[in-house]
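A.B. asks: This is the structure, below, for whatever I ask next.
The values are calculated or read from the model by the stated rules, or taken from the named source; none is laboratory data. In this text the structure is predicted, and so the values were computed from the model without any measurement. Glycine also receives a Cβ, built like all others from the backbone with ideal geometry; neighbour counts cover every protein chain displayed. We work out accessible area using only protein heavy atoms, side chains counted, and drop any ligands, DNA or RNA first. Shrake-Rupley method; radii C 1.70, N 1.55, O 1.52, S 1.80 Å.
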Amino acid sequence: MAVFWNKSVPIPKVKGITINRSDGNRVLFVKEAPYDAKVGYARPKRITIGYVNNKDVKAMHPTSGYKEIFPSEWEKIFGEKVPSIIKYIGMYVMAEAVNSNTGIKDIMDECLNTQDPGAADAMIDFSMYSMLYQSSVVEHFSSKMKDQMLFSGSGRSDSYYSDLFGKKISYEQILSFKKKWALKCKEEGVEKVWLCIDGSNDDCESTGVEFSEKGHAKSLRNRKIISFTYAVTEDGKPVTFEVYRGALVDAKAMKRIIKFLKECGIQVKGVILDRGYCDTAALKFLNNEGLEYVIMVKGKPAGYTEIVDDYGKKIKLNAEYLIRDTTLFAVQKKVQLFDNYKHDDYLTLFYDYKNGSDRITTMLKKLYDEISRCENELKEGKIPSVSAQFKEAVKVSDDLSGMEIVTEKLQEMLDEKGLYSIVSSKEMTPAEIHHLYQCRNSSETEYMILKTQLGYGKVRVRTPRRVQVKFLNAFITTCIRYELQNISKELGKTTNEVIQELNRLYITKVGESYVPIQGIIGKQELILKLLNTSESILSEIAKDENDRLAGRKPVPRHRKTGPNTKQTVVLEPKAEKKQPVKKKKAGGKPGVKPGTKRPDINKDGTPRRKPGVPKGTKRSDTNKNGSPRKKPGPKVKEDAPVTTSG
């Protein structure tokens with residue numbers, strides 16, 4: 001262990017520090033204290049972190065152990081950054097593998113590095129941070145990711161990210177990325193698809209964001225909001241996104257997305273929409289564009305009331321209307337959904353027995369609690385106030401002795417539970433309608449992940465550009481996480497479980513170099529295999545990090561192609577073309593022509609110095625090794641041996 005006798009640091013005031021006076025005043029630190037079951041107590045393992053300074057008893061001469069255990073203090077005192085002993089590389093490996101399969105970072109490098117050459121690296125580092133720590137707060141990035149292998153090499157500060165989001169990425173770069181990503185999706189087979197388009201909004205806690213407006217906040221709080229819309233394929237692959245004013249209706253944002261995808265060559269066969277899109281404006285737009293649609297019905301429009309009156313009670317638990325392999329009962333009818341839009345659509349009424357039963361159970365429990373509360377208020381001499389939910393179903397008795405249930409109103413509430421309807425542009429079986437609408441769960445999942453798993457539930461940035469870039473980073477993160485989500489399904493685990501398993505991969509520092517861990521467990525090996533990579537990548541990453549620390553430029557690994565989903569076409573080998581023989585030009589060998597004289601002035605205007613030792617230079621009397629220098633000249637011949645004849 002090296003001792004830095006020429007350096008002095010304060011003795012750390014932390015728990016576990018002891019000084020061994022009998023052995024050179026060694027300063028010891030308890031690195032760990034594992035419990036020993038044989039003796040029944042913990043056995044501390046100490047490491048020497050320094051030797052007490054004779055001139056200052058509160059200071060010590062540090063060792064390499066101190067440098068490794070207290071890297072932040074070392075950097076603070078001497079201004080020298082200490083590389084971590086362990087670097088976790090699982091997220092880095094995953095991001096590289098996803099790029100190999102999708103090319104997302106290649107597109108980022110191409111589109112986002114115009115003003116800052118490291119912008120794409122910093123963005124993907126932030127995506128790794130959001131997935132690992134479920135946060136989008138830039139202030140915590142540097143501390144949380146200090147032991148992680150990063151594309152940026154070393155962790156960026158919060159001021160860097162603030163500058164990156166606010167100044168270094170333009171609207172044109174964002175649009176360029178969106179176009180290239182959509183074209184990449186088309187290249188991978190997303191050409192004619194059903195799109196799940198859904199909108200949501202975030203509370204905007206900052207002032208100065210121009211397009212934050214009062215609207216129907218999902219959080220149900222009276223705050224300004226920013227709205228955004230994602231478009232994903234039937235299986236959940238994110239294709240594009242849009243950020244817009246908080247009060248803009250979702251249908252207008254849907255028009256923008258469909259128009260944008262058409263420009264990118266992606267034909268939208270139909271859209272699957274939530275009840276927020278169920279209005280006359282959306283239906284008119286979709287019909288005019290010739291797009292098919294499947295939309296959950298909102299409220300109780302005329303068409304819904306008509307089909308409920310005809311079939312609401314008839315389909316409940318009626319085997320004639322059962323959808324196989326489900327607990328659903330359904331019927332379909334062609335109706336005019338809205339009074340103010342004369343257009344016939346196919347309306348499918350569903351009764352979900354399981355969902356209806358659960359909701360009835362929950363409602364009855366609330367009802368009984370409400371009645372008990374009101375009866376207690378009557379006993380106390382108060383006039384009870386029934387909550388809005390049960391105002392029509394529960395009344396105070398005429399003699400004020402208790403509460404009465406209005407059975408007719410309660411029956412109406414019970415009949416509504418489990419019923420819902422979906423409108424479609426063309427006739428399909430209830431089973432087909434149900435299957436298509438289930439695909440919309442993928443977009444709902446993306447929104448849930450975005451807000452709860454990645455930390456984008458609130459907008460805290462202060463300018464429109466920062467908002468756009470922050471949501472660009474959110475979209476990139478969901479694209480990467482989607483690939484990991486598919487692997488998780490194959491393993492039968494959650495995405496977060498796979499992320500934590502990957503984060504156990506690391507390289508460790510031995511001496512001055514990093515080496516990969518030897519032997520990975522079966523789960524990690526399977527994850528790497530599903531990512532189309534192998535254990536050998538750990539050695540490659542260790543080499544890259546060693547090259548970076550040594551100041552050598554790492555050799556970039558060529559991007560591997562992803563799994564081949566298209567049919568391979570075997571072409572016949574072409575006949576080799578004979579390369580024409582180049583005739584040598586007259587004039588001799590290439591290079592400086594004979595007789596060419598160098599100018600006396602260099603290109604930068606300085607006088608050119610002739611090669612060799614300048615005139616007037618005197619050699620020293622001693623060589624570099626300290627021996628006396630012999631003057632040049634012919635060697636002195638040794639005298640021939642004298643021979644005598646006997």
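A.B. asks: Name the helices (runs of 4 or more DSSP H) wholly inside segment 1-112 in which the number of residues that are within 30 Å of Leu175 (Cα to Cα) and open to solvent by less than 20 Å² (accessible area, probe 1.4 Å) is 1 or more.
C.D. replies: 90-102, 104-112
A.B. asks: Sticking with this structure for a sec: Looking only at segment 230-263, how many residues end up being within 16 Å of Asp274 (Cβ to Cβ), in a loop (DSSP other than H, G, I, E, B) and either under 25 Å from the mean Cα position of the chain (by Cα) or modelled with pLDDT of 80 or more (or both)?
C.D. replies: 2
A.B. asks: Ok, one more. In segment 321-335, what residues are touching a residue at least 60 places away in the same chain (Cβ under 8 Å), in a loop (DSSP other than H, G, I, E, B) and in contact with a strand residue (DSSP E or B) (Cβ under 7 Å, 6 or more places away or on another chain)?
C.D. replies: The one that is touching a residue at least 60 places away in the same chain (Cβ under 8 Å), in a loop (DSSP other than H, G, I, E, B) and in contact with a strand residue (DSSP E or B) (Cβ under 7 Å, 6 or more places away or on another chain): Ile323.
A.B. asks: Let me ask you something else. So if I check each of Gly270, Gly276, which one is touching a residue at least 24 places away in the same chain (Cβ under 8 Å) and open to solvent by 30 Å² or more (accessible area, probe 1.4 Å)?
C.D. replies: Answer to the check: Gly276.
A.B. asks: Hey, can you tell me all the residues within segment 292-306 that are surrounded by fewer than 17 Cβ atoms within 10 Å (Cβ to Cβ), under 43 Å from the mean Cα position of the chain (by Cα) and under 14 Å from Leu349 (Cβ atoms)?
C.D. replies: Result: Lys300, single match.
A.B. asks: Then there is this: Taking Asp310 and the conditions (1) more than 44 Å from the chain's Cα centre (by Cα); (2) closer than 18 Å to Ser424 by Cα, which numbered condition does it fall short on, given that it satisfies the others?
C.D. replies: (2)
A.B. asks: Also, I was wondering about something else. Name every residue in segment 119-148 that is open to solvent by 10 Å² or more (accessible area, probe 1.4 Å) and not aliphatic (A, V, I, L, M), in order of residue number.
C.D. replies: Scanning segment 119-148 gives Asp121, Tyr133, Gln134, Ser135, Glu139, His140, Ser142, Ser143, Lys144, Lys146, Asp147.
A.B. asks: Considering each residue of segment 369-409, count those that are in contact (Cβ under 8 Å) with a residue 24 or more places away in the chain, more than 48 Å from the chain's Cα centre (by Cα) and part of a helix (DSSP H, G or I), and give that number.
C.D. replies: Residues flagged as in contact (Cβ under 8 Å) with a residue 24 or more places away in the chain, more than 48 Å from the chain's Cα centre (by Cα) and part of a helix (DSSP H, G or I) within segment 369-409 amount to 4.
A.B. asks: Can you find, within segment 149-161, the residue that is nearest to Gly118 (Cα to Cα) among those that are surrounded by 14 or more Cβ atoms within 10 Å (Cβ to Cβ) and touching a residue at least 60 places away in the same chain (Cβ under 8 Å)?
C.D. replies: Ranking the qualifying residues of segment 149-161, first place goes to Gly153.
A.B. asks: Next up: Can you work out which of the residues in segment 511-544 that are among the aliphatic types (A, V, I, L, M) and open to solvent by 60 Å² or more (accessible area, probe 1.4 Å) is farthest from the chain's Cα centre (by Cα)?
C.D. replies: The extreme case among them is Ile521.
A.B. asks: I've got another one for you. Which one is most open to solvent (accessible area, probe 1.4 Å), of the residues in segment 316-328 that are within 40 Å of the chain's Cα centre (by Cα) and on the phi < 0 side of the Ramachandran plot?
C.D. replies: Arg324
A.B. asks: Quick one: Arg256 ticks every box in (1) touching an Asp or Glu at 6+ places or on another chain (Cβ under 6 Å); (2) open to solvent by 20 Å² or more (accessible area, probe 1.4 Å); (3) more than 25 Å from Lys179 (Cα to Cα) except a single one, so which number is it?
C.D. replies: (3) is the only condition that Arg256 fails.
A.B. asks: Continuing with this model, one more query. Looking for something over 17 Å from the mean Cα position of the chain (by Cα) and not aromatic (Phe, Trp, Tyr) - is there at least one such residue anywhere in segment 93-107?
C.D. replies: No, that holds for no residue.
A.B. asks: Filter segment 475-510 for residues that are free of Cβ contacts under 8 Å to residues at least 40 places away in the same chain and aliphatic (A, V, I, L, M); which is most open to solvent (accessible area, probe 1.4 Å)?
C.D. replies: Ranking the qualifying residues of segment 475-510, first place goes to Val510.
A.B. asks: Out of everything in segment 410-439 that is under 36 Å from the mean Cα position of the chain (by Cα) and over 13 Å from Gln332 (Cβ atoms), what residue ends up being modelled with the lowest pLDDT?
C.D. replies: If we take residues in segment 410-439 being under 36 Å from the mean Cα position of the chain (by Cα) and over 13 Å from Gln332 (Cβ atoms), then Cys439 is modelled with the lowest pLDDT.
A.B. asks: Looking at segment 336-365 only, could you name the residues that are in a helix (DSSP H, G or I) and open to solvent by 30 Å² or more (accessible area, probe 1.4 Å)?
C.D. replies: Correct list: Tyr353, Lys354, Asn355, Ser357, Asp358, Arg359, Ile360, Thr361, Thr362, Leu364, Lys365.
A.B. asks: I've got another one for you. For Glu96, state whether it is at pLDDT below 85 and among the acidic types (Asp, Glu).
C.D. replies: No.
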